[in-house]
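Worksheet: one structure, shown below.
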């Protein structure tokens, strides 16, 4: 019998396994946004906060404080590796070389440091806040989410026997394979992994990404995970997120400035980047008002990402809007990214394929779909609706609540009075009430 | 990263992996029968032949001759290990110590040697025969079957990628677990592994047996595989097989001797063994005639094994026969062992539980159920109906065809003229025509 002594011994050390081992183990769009923030807003002070929308799961009773601190402290100790800096500068992203400027990469390697975190328990939940300059603080989002999610996974795995673990992963693999088989016939599919923040574990995400890449060929266009993209020679995929309009809107001093903040962000973004990176996310304050009031140049952008609106409605709304603006939808891209599962992808592709370039950013239900895989029907591996959002912005030395309205009332965040003020300005046209699952 | 260098290198040597590595890697009843044969019939000459009832699968096109010879030669080179000899003598089987006599174990360790094999190709099938003294030749049956089955498995695996192999085993594990979940609620179940001869591979059988033992607790009473029983401290399970009445009947010189041969075997068996080992297999020449003509003392035996008759009919026939003979069925055991799958077990247990002690010897569909597990819908891992039977017995220096009639016309074996003679003597009452799947 061949015994892997070091492997076996290492398994006993599992508790000290670090979850995040590279600063690049984050969504690529965080790096694109980081350079944007670093160039235009580096001194803005913000607060990011962890929000568990699945209130029934009491994370503070599941995840040990000492272990959580050890993992977060480890993240703070990470520095950009030389090979990573070289890759960021030398690699092409969306076909462009030099997306990341040498000065930015040098800053990231030499000066970047995550601010400290603030951790306390509240009503069975971990209250976790990060405060500091936007350029330093923003990066906490993905690290914090993948740490919490993987610690929750480890807690669930800890009560399982070796056989149960074996069956758990066998079931999850069979499910993944069934999904792949369902997607294989869609020859012109354009799918990418967006599952870093909600992943079951780093190793599982890596397994899923490698399997999808091997089995789906060109239908699988890449991963949002920068580390995995570098490690496995995949395309790094990403656009931009709500934190840009949310933060810039909070900086607005008048209702007039607030109204145009979402377009100011786009104008700055296209000064910073071009081409395929010009994909807007319209739903921060409601997609319908965004499209209705958008300046005509927004219709020149490459595409739109759908995140909180019912996806068929959102796609149709975008197509109609493009046609009203005299643009050909077949030359534009719509990227669906909200809680997709395989049947959603198949249906949306049937609905939009050929009419517009449809793409899919597959997150939670790609990298964390262990529903009903537990051999004793445990729920501990079901995905959470866990987010880490910018919740406050410092304006004139005082904290001001940051607001996201979204296309779904359930996804709105911010202090009630500010939400009301924003709703008065942006309206509620096209906003719906849909339960948030993941 | 921790690399298991020796394990990785060993994987490249897979082609020279030996399938059978212990003389005890066989059904325990072969050893019980071997001692019986050694005591009473050691000089009888027999021929065993491989018969692939799944004619559509051309084994000679799948399995390489050189590799088959290497595996069979390896089996011939095996000798009983000292630890195995000690265990055979010192262990209790069915609660009895000393089932194997010291002289027998000494003979097995010192004098036992498998005769050479005869291998040729015929119509895309491997023709494989073994000839010699019954005591030496009988042991080839299980080794030959597990070698052929595992080489067929390896041939199918050879065309698969690492991902496909991963999915294949994940699916098979999920199926095994589903079967376990289906059986778990049957608290008074009495199930054992009978799957050595048809196993997918040695390692898979070992995985299945360990998982069943861990998960089903006392519902899983043991395995027919002697090596696994010794290695994992499980009960070795087994009764006796058709080869006893088949061979003894072939030795009969008159129709009168032929008619009683099946009971002569039982009389000798109970002189040799007692207690729980007194389970008869009635279907060699048809179960209905066996029970009809059986002497009353046969009803004192502990139980009956059902192998080729529709199992509900066979169980009911046994119960009615016991009642006619004034025996209480609730004190007797019926052991079902013919091509069972999990739903058969559940149904039979519902039908017979409480009325008689029902037991299940689960073979092919426990250790080789990879149907529809192949990721590209390949059929190469579907189980075969492959047997290795005594086909001829030397009588007065001439070979005489051995006959099995069974309760299913499709399972009858032997030269047509001899089959006709046996049918004239034993009749066909209660014999049916059912397709043989495994």
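Please work out if residue A:22 is out of contact with any helix residue (DSSP H, G or I) (no Cβ under 9 Å at 6 or more places or on another chain), at pLDDT 85 or above, away from chain B (no Cβ under 12 Å) and surrounded by 16 or more Cβ atoms within 10 Å (Cβ to Cβ).
Working: out of contact with any helix residue (DSSP H, G or I) (no Cβ under 9 Å at 6 or more places or on another chain): no; at pLDDT 85 or above: yes; away from chain B (no Cβ under 12 Å): yes; surrounded by 16 or more Cβ atoms within 10 Å (Cβ to Cβ): yes.
Spelling it out, it is not the case that residue A:22 is out of contact with any helix residue (DSSP H, G or I) (no Cβ under 9 Å at 6 or more places or on another chain), at pLDDT 85 or above, away from chain B (no Cβ under 12 Å) and surrounded by 16 or more Cβ atoms within 10 Å (Cβ to Cβ).
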Among (1) over 25 Å from residue A:363 (Cα atoms); (2) assigned to a helix (DSSP H, G or I), the one test that residue A:88 misses: (1)
Selected residue (only one of A:401, A:414, A:430 is in contact with a helix residue (DSSP H, G or I) (Cβ under 9 Å, 6 or more places away or on another chain), closer than 21 Å to residue A:241 by Cα, surrounded by 15 or more Cβ atoms within 10 Å (Cβ to Cβ) and free of Cβ contacts under 8 Å to residues at least 24 places away in the same chain): A:414
Residue list for region B:176-210, filter: surrounded by fewer than 19 Cβ atoms within 10 Å (Cβ to Cβ) and within 19 Å of residue A:172 (Cα to Cα): B:178, B:181
Residue B:99 more than 14 Å from chain A (Cβ to nearest Cβ), in contact (Cβ under 8 Å) with a residue 40 or more places away in the chain and either assigned to a strand (DSSP E or B) or touching a helix residue (DSSP H, G or I) at 6+ places or on another chain (Cβ under 6 Å) (or both): no
Number of the condition not met by residue B:258 [criteria: (1) more than 14 Å from chain A (Cβ to nearest Cβ); (2) part of a helix (DSSP H, G or I); (3) without any contact (Cβ under 8 Å) to a residue 24 or more places away in the chain]: (3)
Criterion violated by residue A:239 - all others in (1) modelled with pLDDT of 95 or more; (2) surrounded by 20 or more Cβ atoms within 10 Å (Cβ to Cβ); (3) within 25 Å of residue A:274 (Cβ to Cβ) satisfied: (1)
Filtered residues of region A:103-134 (kept if farther than 14 Å from residue A:23 by Cα, in a helix (DSSP H, G or I) and touching a helix residue (DSSP H, G or I) at 6+ places or on another chain (Cβ under 6 Å)): A:104, A:134
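Checking the conditions here, which among A:86, A:46, A:57 is farther than 24 Å from residue A:228 by Cβ and surrounded by fewer than 20 Cβ atoms within 10 Å (Cβ to Cβ)? Talk me through it step by step, then tell me what you get.
Numbers: A:86 fails: farther than 24 Å from residue A:228 by Cβ; A:46 fails: surrounded by fewer than 20 Cβ atoms within 10 Å (Cβ to Cβ).
Exactly one residue qualifies, and that residue is A:57.
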Complete set of residues in region B:345-360 that are in contact with a helix residue (DSSP H, G or I) (Cβ under 7 Å, 6 or more places away or on another chain) and surrounded by fewer than 19 Cβ atoms within 10 Å (Cβ to Cβ): B:346, B:351, B:355
Breaking point among (1) away from chain A (no Cβ under 14 Å); (2) more than 27 Å from residue B:123 (Cβ to Cβ), for residue B:60: (2)
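Name the helices (runs of 4 or more DSSP H) wholly inside region B:1-83 in which the number of residues that are under 24 Å from residue B:243 (Cα atoms) is 2 or more. First the steps, then the outcome.
On the way: elements: B:5-12, B:28-40, B:59-62, B:65-77.
By residue number, B:28-40, B:65-77.
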Single residue of A:105, A:75 found to be free of Cβ contacts under 8 Å to residues at least 60 places away in the same chain, under 23 Å from the mean Cα position of the chain (by Cα) and on the phi < 0 side of the Ramachandran plot: A:105
Subset of region A:273-303 (residues that are surrounded by fewer than 15 Cβ atoms within 10 Å (Cβ to Cβ) and within 22 Å of the chain's Cα centre (by Cα)): A:274, A:275
Among (1) in contact (Cβ under 8 Å) with a residue 60 or more places away in the chain; (2) touching a strand residue (DSSP E or B) at 6+ places or on another chain (Cβ under 6 Å) - the single one residue A:120 does not satisfy: (1)
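Identify all residues within region A:168-211 that are outside any helix (DSSP H, G or I), under 24 Å from residue A:353 (Cβ atoms) and either touching a residue at least 12 places away in the same chain (Cβ under 8 Å) or within 11 Å of chain B (Cβ to nearest Cβ) (or both); write none if there are none.
Quick first cut of region A:168-211, residues outside any helix (DSSP H, G or I) only: A:184-201.
From what is left, the residues that are under 24 Å from residue A:353 (Cβ atoms) are A:184-195.
Residues satisfying the conditions are A:184, A:186, A:187, A:188, A:189, A:190, A:191, A:192, A:193, A:194, A:195.
Filter region A:135-167 down to the residues that are assigned to a helix (DSSP H, G or I), under 25 Å from residue B:181 (Cα atoms) and more than 14 Å from every other protein chain (Cβ to nearest Cβ) and list them by number.
Across region A:135-167, the qualifying residues are A:153, A:154, A:155, A:156, A:157, A:158.
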Top-ranked residue in region B:217-241 [being in contact with a helix residue (DSSP H, G or I) (Cβ under 6 Å, 6 or more places away or on another chain) and assigned to a helix (DSSP H, G or I); ranked as farthest from residue B:371 (Cα to Cα)]: B:230
Residue that is crowded, with 21+ Cβ neighbours inside 10 Å and within 21 Å of residue A:235 (Cα to Cα), where the choices are A:363, A:315: A:363
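Can you pull out every residue in region B:277-302 that is assigned to a helix (DSSP H, G or I) and in contact (Cβ under 8 Å) with a residue 60 or more places away in the chain? Outline the logic, then answer.
Here is the first cut: in region B:277-302, the ones assigned to a helix (DSSP H, G or I) are B:277, B:282-285, B:287-293, B:296-300.
B:277, B:283, B:284, B:285, B:287, B:288, B:289, B:292, listed by residue number.
For a quick check of your reading: which strands (runs of 3 or more DSSP E) sit entirely within region B:323-438 and have at least 3 residues that are within 30 Å of residue B:182 (Cβ to Cβ) and at pLDDT 95 or above? Write out each step before concluding.
Values: elements: B:333-336, B:357-362, B:386-395, B:398-401.
The strands (runs of 3 or more DSSP E) meeting that bar are B:333-336, B:357-362.
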Every residue from region A:263-276 that is touching a strand residue (DSSP E or B) at 6+ places or on another chain (Cβ under 9 Å), within 12 Å of residue A:35 (Cβ to Cβ) and part of a helix (DSSP H, G or I): A:269
Selection within region A:212-237 - more than 14 Å from every other protein chain (Cβ to nearest Cβ) and at positive phi: A:222, A:233
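The values are calculated or read from the model by the stated rules, or taken from the named source; none is laboratory data. For clarity, every value in this text was computed on a predicted model and none was experimentally measured. Glycine also receives a Cβ, built like all others from the backbone with ideal geometry; neighbour counts cover every protein chain displayed.
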